[in-house]
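What follows is a single structure, written as structure tokens, with notes after it.
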Amino acid sequence: MTDHVSTHQAEEDARNEAILIYVNGRIVPKAQALVSVYDAGFMLGDGVWEGLRLYNGNWAFAQEHFDRLFEAAKAIDLDIGMTKNQALTALLDTQAANGMTNDAHARFMVTRGVKTRPFQHPKLSQQGPTVAIIMEHSRQKLPRPIKLATVPHLRGLPMTQDPKLNSHSKLNCILACIAAEKAGADEALMLDIHGFVNTTNACNFFIVRKGAVWTSTGDYCMNGITRAKVIDLCRANDIPVFERNFTLVDTYSADEAFLTGTFGAQTPVGSIDGRVIGDGQMGPMTQRLRALYKELVGA
């Protein structure tokens, strides 16, 4: 089996041993950044989170990320205990404490907090939410385009667990990732309940066919902010773009495929289920969109 790569694979950075982490209003060394075993996030995956990326001193699309975080918190009836401006201040304070200016990634996490007893009911979380921000120096290290494998795990219906929810309960996606790795791939390509191509276990998915960019309808995937920016960039630059249902047959014969996400921006896909996509390398449309996105974030 070949060595695996990941859309979140970063260069080793020794500075990450000395990072400071935000936990409930305090910014502490990594070894002191601890939460209780009674925390609802640890015990039940009861929480929501956002990933943000630092480009040249600016957290890209921070407003959209905090809007999505607060919408998710409202959906699960979780009071974050701070305003969006206070959340942004916590992010900026953690950045300042770490002296970061570029090529950094933050994970802003909120759980329902410490429970009085080790059971499911949310009313057992009586101490208020747990808020943590992990911030690391990170640059994507991608030795080759990503290999995908289609897996049996589906992006499900909103009445089971809405796929638009960026929750701490990621087991479905983790199982998909494991299945892909067992098949010799780097990441899992997941279908929706109708059998249409949807997303991967960690990123949104696009193909390019005859100069047009296709992605899923969005009904069963994470409402990705980078995904939305790519669609906007296509429309602004007269690149035909379609949010539509499409199948594996359409996908295997695509000229290009790429993934979108906050960490990797636009990551090329070289093969899917053993079929080489295009020439197996990053295609011209992916290169063009990467350049347009870099321009957008001011990198």
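The values are calculated or read from the model by the stated rules, or taken from the named source; none is laboratory data. All values derive from a computational prediction rather than experimental measurement. Virtual Cβ from ideal backbone geometry, glycine too; neighbours counted across all protein chains shown.
When residues of segment 53-112 are filtered for being basic (Lys, Arg), in a strand (DSSP E or B) and within 20 Å of ASN24 (Cβ to Cβ), how many remain? Spell out the reasoning first.
Let us first name the residues in segment 53-112 that are basic (Lys, Arg), namely 53, 68, 74, 84, 107, 112.
Narrowing the set further to residues that are in a strand (DSSP E or B) leaves 53, 107.
Among the residues that remain, those that are also within 20 Å of ASN24 (Cβ to Cβ) are: 107.
Number of matching residues: 1.
Tell me which residues, restricted to segment 23-55, are among the aromatic types (Phe, Trp, Tyr) and either surrounded by fewer than 17 Cβ atoms within 10 Å (Cβ to Cβ) or over 20 Å from the mean Cα position of the chain (by Cα) (or both).
Residues of segment 23-55 among the aromatic types (Phe, Trp, Tyr): 38, 42, 49, 55.
Of everything in segment 23-55, just one residue is among the aromatic types (Phe, Trp, Tyr) and either surrounded by fewer than 17 Cβ atoms within 10 Å (Cβ to Cβ) or over 20 Å from the mean Cα position of the chain (by Cα) (or both), namely TYR38.
Among what's in segment 119-147 and is of a type in the set (Gly, Ala, Ser) and assigned to a loop (DSSP other than H, G, I, E, B), pick the residue that is surrounded by the most Cβ atoms within 10 Å (Cβ to Cβ).
Step one: of segment 119-147, the residues of a type in the set (Gly, Ala, Ser) are 125, 128, 132, 138.
Next, from what is left, pick out any that are assigned to a loop (DSSP other than H, G, I, E, B): 128, 138.
Details: GLY128: 13, SER138: 19.
That would be SER138.
Among the listed residues ASP255, ASP238, which satisfies the condition of being more than 20 Å from THR7 (Cα to Cα) and either surrounded by 23 or more Cβ atoms within 10 Å (Cβ to Cβ) or without any contact (Cβ under 8 Å) to a residue 12 or more places away in the chain (or both)? Step through it out loud before you land on a result.
On the way: ASP255 fails: either surrounded by 23 or more Cβ atoms within 10 Å (Cβ to Cβ) or without any contact (Cβ under 8 Å) to a residue 12 or more places away in the chain (or both).
Only one candidate qualifies: ASP238.
Report every pair of residues separated by at least 6 positions or lying on different chains whose Cβ atoms are under 8 Å apart, first residue within segment 169-192 and at negative phi and in a loop (DSSP other than H, G, I, E, B), second surrounded by fewer than 20 Cβ atoms within 10 Å (Cβ to Cβ) and hydroxyl-bearing (Ser, Thr, Tyr).
Hits for this filter: ASP186/SER6.
Can you tell me which residue is surrounded by the most Cβ atoms within 10 Å (Cβ to Cβ) among those in segment 172-227 that are within 20 Å of GLU50 (Cβ to Cβ) and of a type in the set (Val, Ile, Thr)?
Looking at residues that are within 20 Å of GLU50 (Cβ to Cβ) and of a type in the set (Val, Ile, Thr), I get THR200.
Could you go through segment 9-18 and let me know if any residue there is under 14 Å from ILE134 (Cβ atoms), modelled with pLDDT of 95 or more and within 24 Å of the chain's Cα centre (by Cα).
no
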